[in-house]
Amino acid sequence: MSDTSDSLFDDHDCEFDDVDISLLPIVYQSPPITIPGLYIHHELIPEDIQSEIISNLSFHPPDITQHVAFGKQPRYISKLDLYLENQLKGVINQTEHKKLFHQNLPRQSIVNVYGYDSSPRSYYLASHTDLAKFGEGVIIVSLGTSIGMKFESSTGESFEIFLKPGSILCMTDEARYNWTHGIVPRTVDRVDKVGLLKRGIRVGLTLRYYNQNIDNNDK
């Protein structure tokens, strides 16, 4: 993969795989279950900001598919962080906003690229709950192409939610601690009221805080 934004997303086959549609789960455009602390917005990040983020990315899959920054963030991520902070004022409640943007801890960002080859495995993200050392609020920004993200509760309830290019997903409280999130390894999503969508190259950007005083394994 080269350093240009065009090469990051060009030359993806648009034909559907030979899949049994009846075996695909429905990917919902809005959460079918109300979960305290889960907030999704599909139109918050305009195309010019998306393009700016992508233009700053450089990956070399399969050797390098992740960039991590602790503390001082790259300028384009700091700019995005401030933009999200301002856009979400008054949209989510003040307590949730503080958990997402105003913790007295170092900031951490992770950028992952998915779908860098044609295998379902290249989309896989193991279901997990972010560890306690990553603070009380987690933000996921989805770029590139659409994808379904799976949520599952500690009691076994589950669903998949549609993330389009420019979607953001915020998790605090119950959504942050009592539900896992991940990506099922497949190349096609069956999106509610849309139909089949083939996955292309997707970039996932996670913003959270990092408590160096809590010792547990990274995730």
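Things to note:
- Under-28-angstrom lysine pairs by C-alpha in the stretch 94-195, whenever the two are 8 or more apart or on separate chains: 10
- The figure for K79 is an accessible area of roughly 100 square angstrom, using a 1.4 Å probe on the protein chains alone.
- Extension gain, R121 to S51: 0.36 nm times the residue separation minus the Cα-Cα distance gives 22.6 nm.
- GluC sites (Glu not before Pro), loop per DSSP, at most 14 other Cβ atoms within 10 Å - longest free stretch of the chain: 44-156
- The value of relative contact order for the stretch 21-210, using C-alpha pairs under 8 Å at least six residues apart, is 35 percent.
- Computed in the context of the full set of protein chains, the accessible area of the chain at 1.4 Å probe radius has 47% of its extent on carbon or sulfur.
- Cα centroid separation, the stretch 71-86 to the stretch 157-219 (Å): 20
- Summed residue charge, Cβ within 13 Å of N93's Cβ, Lys/Arg positive, Asp/Glu negative: +1
- Efficiency of FRET from Cβ geometry, D63 and N213, R₀ 41 Å, rounded to 0.05: 0.80
- Accessible surface, per residue, of the stretch 77-141 when the full set of protein chains is kept, probe 1.4 Å, Å²: 45
- Cα gyration tensor shape for the chain, rounded if a/c is under 1.5, else prolate or oblate: oblate
- Think of it as helices only: each DSSP H run of n ≥ 4 in the chain is worth -39500 (n - 2.57), and spread over all residues that comes to -5000 deg cm²/dmol at 222 nm.
- Other residues lying with their Cβ under 9 Å from the Cβ of S78 contribute a combined charge of +3, Lys and Arg counting +1, Asp and Glu -1.
- Local electrostatic count, W179, Cβ distance below 13 Å [Lys/Arg +1, Asp/Glu -1]: -4
- Mean separation of Cα contacts under 8 Å (6+ apart) over length of the stretch 107-178, as relative contact order %: 31
The values are calculated or read from the model by the stated rules, or taken from the named source; none is laboratory data. On a predicted model such as this, the values are computed, not experimentally measured, just so you know. Methodologically, a virtual Cβ is constructed for each residue, glycine included, from the backbone with ideal geometry; neighbour enumeration extends over all protein chains shown. Surface accessibility is based on the protein's heavy atoms, side chains included, excluding ligands, DNA and RNA. Shrake-Rupley method; radii C 1.70, N 1.55, O 1.52, S 1.80 Å.
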